[in-house]
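See structure below.
Read-outs throughout are calculated quantities, based only on the coordinates presented, and are distinct from any laboratory measurement. This one's a predicted model, so the numbers in the text were calculated from it and none came from an experiment. With ideal geometry, Cβ positions are generated from the backbone for all residues, glycine too; neighbour counts draw on all protein chains shown.
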Amino acid sequence: MSDQQVDQAKRTWLIASGCAGAIGGVAAAVPFVSTFAPSERAKAAGAAVEVDVSALKPGEKMTAEWRGKPVWVVRRTPEQLKDLEKLSAEMADPNSDRNAYPTPDYAKNLTRSVKPEYLVVIGICTHLGCSPSDKLQAGPQPSLPDDWKGGFLCPCHGSTFDLAGRVFKNKPAPDNLEVPPHMYLSDTKLVIGEDKKA
């Protein structure tokens, strides 16, 4: 047998054993990699949530749960909507330009919403994760200014948010309340967690 025939046999053997090893490696890796796929429970926890807002009257709020977080849906009155523009100068981020909690493009407006009448925000303070209290009624109230126009107060450290979820200046909370992805299926059906049509 010549040296060239021996080298060719070795080369064939190396290629064949390398391919077999690669196939064995893939076969061993598939079950391991599949453990990284989310469980059905985890998928359900992150699933979109459908909310019916037909019973929500102007000036009222309802809470839905999405990904273990409270999502507030507030139906604002015409007066509350008018007050938002007057408050812009008092806001730390009136146009939702900060990126810590990016605001979807369809909510980058004065009302921070798809439909001006409805506010949809995650009800968790951006300071330390507390849940602010409803202070939807206008007027003087404890821990709030006398010219209060309605919004939310975080009782832990005093951060205040208007009825667009924008944080007031000089408060501990660094950012506005987060607007989750959402879309409307109809005038009264809202889906939180998806915004494919936006």
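Below is a table of values for the structure above.
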read-out	value
Estimated inter-spin distance, Arg98 and Lys196, nm [label 7 Å along Cα→Cβ]	3.3 nm
Sorted by Cβ density within 10 Å, fewest first, the residues Glu65, Glu117	Glu65, Glu117
Straight-distance crosslink candidates among lysines, where the alpha carbon sits under 23 Å from Lys196 and sequence neighbours closer than 8 are dropped	Lys43, Lys69, Lys108, Lys115
Cα lying deepest toward the dipole's positive end in the stretch 72-130, options Thr126, Ser96, Trp72, charges on Cβ	Trp72
Per-residue Cβ neighbour rank within 10 angstrom, fewest leading, Leu81, Leu163, Leu185	Leu185, Leu81, Leu163
Reach of Lys149 by Cα under 16 Å, taken over lysines that are not fewer than 8 positions away in the same chain	Lys61, Lys82, Lys86, Lys135, Lys169
Size of electric dipole in the stretch 53-100: Cβ of Lys, Arg +1 and of Asp, Glu -1, about Cα centre, debye, nearest 20	240 debye
Restricting the stretch 81-154 to trypsin sites (Lys or Arg not before Pro) in coil, as DSSP defines it, with at most 11 other Cβ within 10 Å	none
The stretch 43-192, relative contact order [Cα under 8 Å, separation at least 6], %	26 percent
Sequence of Thr111, Thr103 once ranked by neighbouring C-beta atoms within 10 Å, starting from the fewest	Thr111, Thr103
Rounded to the nearest 20 debye, dipole of the stretch 39-198 from Cβ charges on Lys, Arg, Asp, Glu	180 debye
Extended-chain gain in nm, criterion 0.36 nm per residue less alpha-carbon gap, Gln141 and Ala47	30.0 nm
